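Below: the structure, in C-alpha coordinates.
The values are calculated or read from the model by the stated rules, or taken from the named source; none is laboratory data. Predicted model, so just to flag it, every value in this text is computed and none were measured. Note that each Cβ is placed from the backbone with ideal geometry, even for glycine, and that neighbours are counted across all protein chains shown.
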(Lines give C-alpha, C1' and ligand atoms only; values in the text may rest on other atoms or scores of the structure.)
Protein backbone atom coordinates (compact mmCIF):
# COMPACT_ATOMS: atom_id res chain seq x y z
CA UNK A 1 0.00 0.00 0.00
CA UNK A 2 1.56 3.28 -1.16
CA UNK A 3 -0.27 5.36 1.41
CA UNK A 4 -1.27 8.90 0.55
CA UNK A 5 0.76 10.35 -2.30
CA UNK A 6 1.02 13.95 -3.44
CA UNK A 7 2.52 15.64 -6.47
CA UNK A 8 4.54 17.60 -7.14
CA UNK A 9 6.92 17.68 -4.17
CA UNK A 10 7.95 21.27 -4.73
CA UNK A 11 6.60 24.05 -6.90
CA UNK A 12 7.64 27.62 -7.57
CA UNK A 13 5.11 30.01 -9.05
CA UNK A 14 4.88 33.74 -9.70
CA UNK A 15 2.33 35.99 -8.07
CA UNK A 16 -0.90 36.05 -10.10
CA UNK A 17 -0.40 32.60 -11.59
CA UNK A 18 -2.57 29.54 -11.02
CA UNK A 19 -1.47 26.21 -9.54
CA UNK A 20 -2.86 22.68 -9.33
CA UNK A 21 -1.77 20.20 -6.68
CA UNK A 22 -2.66 16.52 -6.76
CA UNK A 23 -3.41 13.86 -4.17
CA UNK A 24 -4.04 10.13 -4.33
CA UNK A 25 -5.66 8.72 -1.20
CA UNK A 26 -4.68 5.60 0.65
CA UNK A 27 -6.27 2.46 -0.76
CA UNK A 28 -9.78 1.96 0.60
CA UNK A 29 -10.28 5.62 1.53
CA UNK A 30 -13.01 7.69 -0.10
CA UNK A 31 -12.57 11.06 1.61
CA UNK A 32 -9.85 13.61 0.91
CA UNK A 33 -9.08 16.71 2.97
CA UNK A 34 -6.65 19.51 2.18
CA UNK A 35 -4.68 21.53 4.72
CA UNK A 36 -2.35 24.51 4.43
CA UNK A 37 0.61 24.84 6.77
CA UNK A 38 2.20 28.26 6.74
CA UNK A 39 5.60 28.76 8.35
CA UNK A 40 5.42 28.53 12.14
CA UNK A 41 1.75 27.52 12.15
CA UNK A 42 -0.15 24.30 12.51
CA UNK A 43 -1.99 22.92 9.48
CA UNK A 44 -5.20 24.82 8.66
CA UNK A 45 -8.21 23.04 7.13
CA UNK A 46 -9.04 24.18 3.58
CA UNK A 47 -11.80 21.78 2.54
CA UNK A 48 -12.88 18.16 2.37
CA UNK A 49 -14.20 16.15 -0.57
CA UNK A 50 -16.47 13.14 -0.43
CA UNK A 51 -18.38 11.49 -3.28
CA UNK A 52 -16.88 14.05 -5.68
CA UNK A 53 -18.40 17.00 -3.81
CA UNK A 54 -17.03 19.57 -1.40
CA UNK A 55 -18.51 18.51 1.91
CA UNK A 56 -17.00 21.13 4.21
CA UNK A 57 -14.91 24.24 3.75
CA UNK A 58 -12.61 26.12 6.07
CA UNK A 59 -11.94 29.84 6.17
CA UNK A 60 -10.26 30.17 2.77
CA UNK A 61 -11.23 32.45 -0.14
CA UNK A 62 -12.85 31.26 -3.35
CA UNK A 63 -9.46 31.39 -5.05
CA UNK A 64 -9.01 27.97 -3.45
CA UNK A 65 -11.04 25.31 -5.21
CA UNK A 66 -10.86 21.59 -5.58
CA UNK A 67 -12.11 18.51 -7.29
CA UNK A 68 -12.47 14.85 -6.49
CA UNK A 69 -12.45 12.24 -9.23
CA UNK A 70 -14.37 8.93 -9.39
CA UNK A 71 -11.23 7.08 -8.29
CA UNK A 72 -11.22 9.29 -5.13
CA UNK A 73 -8.07 11.18 -6.09
CA UNK A 74 -8.26 14.93 -5.67
CA UNK A 75 -6.88 18.21 -6.94
CA UNK A 76 -6.42 21.52 -5.16
CA UNK A 77 -6.44 24.59 -7.41
CA UNK A 78 -5.35 28.03 -6.33
CA UNK A 79 -5.97 31.00 -8.64
CA UNK A 80 -4.41 34.46 -8.62
CA UNK A 81 -1.58 33.37 -6.34
CA UNK A 82 -0.47 35.72 -3.59
CA UNK A 83 2.86 35.75 -1.80
CA UNK A 84 0.97 34.65 1.32
CA UNK A 85 -0.08 31.42 -0.39
CA UNK A 86 3.47 30.15 0.03
CA UNK A 87 3.10 27.17 2.33
CA UNK A 88 3.17 23.41 2.64
CA UNK A 89 -0.06 21.90 1.34
CA UNK A 90 -1.04 18.61 2.95
CA UNK A 91 -3.57 16.10 1.75
CA UNK A 92 -5.21 13.63 4.13
CA UNK A 93 -7.44 10.69 3.35
CA UNK A 94 -9.80 8.63 5.42
CA UNK A 95 -13.14 6.91 5.50
CA UNK A 96 -16.12 7.36 7.77
CA UNK A 97 -16.36 7.97 10.65
CA UNK A 98 -12.98 9.68 10.04
CA UNK A 99 -11.52 8.89 13.40
CA UNK A 100 -8.20 8.40 11.63
CA UNK A 101 -6.86 10.53 8.81
CA UNK A 102 -3.68 9.62 6.97
CA UNK A 103 -1.50 12.37 5.57
CA UNK A 104 0.71 12.63 2.52
CA UNK A 105 4.17 14.23 2.62
CA UNK A 106 2.86 17.52 1.26
CA UNK A 107 3.61 19.86 -1.63
CA UNK A 108 5.82 22.85 -0.87
CA UNK A 109 4.53 25.86 -2.84
CA UNK A 110 6.66 28.97 -3.11
CA UNK A 111 5.13 32.08 -4.65
CA UNK A 112 7.62 34.74 -5.79
CA UNK B 1 -11.67 28.51 14.62
CA UNK B 2 -10.95 26.36 17.69
CA UNK B 3 -7.87 27.32 19.66
CA UNK B 4 -5.53 24.39 20.28
CA UNK B 5 -2.41 25.15 22.31
CA UNK B 6 0.65 22.95 22.57
CA UNK B 7 3.50 23.34 25.03
CA UNK B 8 6.37 23.55 25.10
CA UNK B 9 7.06 24.87 21.60
CA UNK B 10 10.36 23.00 21.51
CA UNK B 11 12.28 20.61 23.70
CA UNK B 12 15.85 19.34 23.71
CA UNK B 13 16.58 16.24 25.80
CA UNK B 14 19.36 13.72 26.16
CA UNK B 15 19.01 10.14 25.03
CA UNK B 16 17.39 8.11 27.81
CA UNK B 17 15.46 11.03 29.30
CA UNK B 18 11.70 10.75 29.62
CA UNK B 19 9.64 13.69 28.49
CA UNK B 20 6.08 14.87 28.09
CA UNK B 21 4.14 17.48 26.13
CA UNK B 22 0.76 19.11 26.64
CA UNK B 23 -2.12 19.79 24.27
CA UNK B 24 -4.92 22.08 25.49
CA UNK B 25 -8.25 22.42 23.69
CA UNK B 26 -11.78 23.72 24.28
CA UNK B 27 -13.62 21.28 26.54
CA UNK B 28 -17.10 21.83 25.13
CA UNK B 29 -18.72 19.40 22.67
CA UNK B 30 -15.62 17.20 22.52
CA UNK B 31 -15.48 14.61 19.72
CA UNK B 32 -11.90 13.36 19.20
CA UNK B 33 -8.25 14.19 19.89
CA UNK B 34 -5.49 13.07 17.52
CA UNK B 35 -1.72 12.93 18.05
CA UNK B 36 0.63 12.89 15.09
CA UNK B 37 4.38 12.43 14.86
CA UNK B 38 6.02 14.33 12.00
CA UNK B 39 9.60 13.84 10.90
CA UNK B 40 11.13 16.33 8.51
CA UNK B 41 10.42 15.60 4.83
CA UNK B 42 8.04 12.77 5.71
CA UNK B 43 4.27 12.42 6.13
CA UNK B 44 2.72 13.10 9.52
CA UNK B 45 2.27 9.70 11.16
CA UNK B 46 -0.87 9.02 13.19
CA UNK B 47 0.03 7.98 16.73
CA UNK B 48 -3.25 7.97 18.63
CA UNK B 49 -6.90 8.87 18.29
CA UNK B 50 -8.71 9.32 21.60
CA UNK B 51 -12.41 9.83 21.97
CA UNK B 52 -13.33 9.11 25.60
CA UNK B 53 -12.54 11.03 28.77
CA UNK B 54 -9.88 9.13 30.70
CA UNK B 55 -8.60 7.34 27.60
CA UNK B 56 -5.03 6.13 27.85
CA UNK B 57 -3.23 4.85 24.77
CA UNK B 58 0.21 3.29 24.45
CA UNK B 59 2.47 2.48 21.52
CA UNK B 60 5.87 1.18 22.54
CA UNK B 61 7.58 3.88 24.61
CA UNK B 62 4.98 6.51 23.73
CA UNK B 63 1.73 6.93 25.63
CA UNK B 64 -1.03 9.51 25.82
CA UNK B 65 -3.80 10.45 28.23
CA UNK B 66 -6.96 12.47 27.71
CA UNK B 67 -9.02 14.70 30.00
CA UNK B 68 -12.01 16.04 28.07
CA UNK B 69 -13.61 17.74 31.09
CA UNK B 70 -10.66 20.09 31.61
CA UNK B 71 -9.56 20.10 27.96
CA UNK B 72 -6.07 18.66 27.88
CA UNK B 73 -4.06 15.69 26.68
CA UNK B 74 -0.53 14.64 27.63
CA UNK B 75 1.89 12.76 25.41
CA UNK B 76 4.69 10.90 27.21
CA UNK B 77 7.88 9.45 25.77
CA UNK B 78 9.77 7.09 28.05
CA UNK B 79 13.52 6.73 27.54
CA UNK B 80 13.80 9.07 24.55
CA UNK B 81 15.89 7.92 21.60
CA UNK B 82 17.41 10.03 18.79
CA UNK B 83 14.86 8.51 16.38
CA UNK B 84 12.10 10.12 18.48
CA UNK B 85 13.27 13.51 17.21
CA UNK B 86 10.30 14.97 15.36
CA UNK B 87 7.49 17.47 15.66
CA UNK B 88 4.50 16.19 17.63
CA UNK B 89 1.18 17.64 16.58
CA UNK B 90 -2.15 17.37 18.31
CA UNK B 91 -5.43 17.97 16.50
CA UNK B 92 -8.85 18.40 18.02
CA UNK B 93 -12.33 17.93 16.71
CA UNK B 94 -15.61 18.81 18.38
CA UNK B 95 -19.20 18.35 17.28
CA UNK B 96 -19.21 21.86 15.80
CA UNK B 97 -16.08 21.50 13.71
CA UNK B 98 -17.56 18.88 11.41
CA UNK B 99 -14.88 16.93 9.62
CA UNK B 100 -12.07 19.45 10.09
CA UNK B 101 -9.12 18.75 12.35
CA UNK B 102 -7.97 21.80 14.32
CA UNK B 103 -4.24 21.59 14.84
CA UNK B 104 -1.89 23.09 17.35
CA UNK B 105 1.47 24.46 16.24
CA UNK B 106 3.27 21.37 17.47
CA UNK B 107 6.09 20.58 19.87
CA UNK B 108 9.50 20.11 18.25
CA UNK B 109 11.53 17.44 20.06
CA UNK B 110 15.27 16.98 19.60
CA UNK B 111 16.92 14.00 21.29
CA UNK B 112 20.71 14.01 21.28
CA UNK B 113 22.93 11.01 22.02
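Odds and ends about this structure:
- Qualifying position, being buried (at least 17 other Cβ atoms within 10 Å of the Cβ), within 20 Å of residue B:87 (Cα to Cα) and touching a strand residue (DSSP E or B) at 6+ places or on another chain (Cβ under 8 Å), among A:31, A:107: A:107
- Look at segment B:45-66: where a residue is over 17 Å from residue B:91 (Cβ atoms) and a partner is part of a loop (DSSP other than H, G, I, E, B), sitting 6+ places away or on another chain with Cβ atoms under 7 Å, you get B:53/B:68; B:53/B:69; B:61/B:78; B:61/B:79.
- Tabulated pairs, segment B:1-14, first more than 14 Å from chain A (Cβ to nearest Cβ) and within 21 Å of residue B:82 (Cα to Cα), second at pLDDT 95 or above and not in a strand (DSSP E or B), C-beta under 7 angstrom, 6+ apart or interchain: B:13/B:80
- Elements of type strands (runs of 3 or more DSSP E) in chain B, at least 1 residues being buried (at least 20 other Cβ atoms within 10 Å of the Cβ): B:5-7, B:19-24, B:30-38, B:45-50, B:62-67, B:72-77, B:86-94, B:107-112
- Of the residues contained in segment A:67-89, one or more are found to be surrounded by fewer than 20 Cβ atoms within 10 Å (Cβ to Cβ), within 26 Å of residue B:105 (Cβ to Cβ) and within 14 Å of another protein chain (Cβ to nearest Cβ).
- Any hit, segment B:70-89, residues being without any contact (Cβ under 8 Å) to a residue 60 or more places away in the chain and under 19 Å from residue A:94 (Cβ atoms): no
- All strands (runs of 3 or more DSSP E) inside segment A:1-64 with 2 or more residues being within 9 Å of chain B (Cβ to nearest Cβ) and at pLDDT 95 or above: A:31-37, A:44-50
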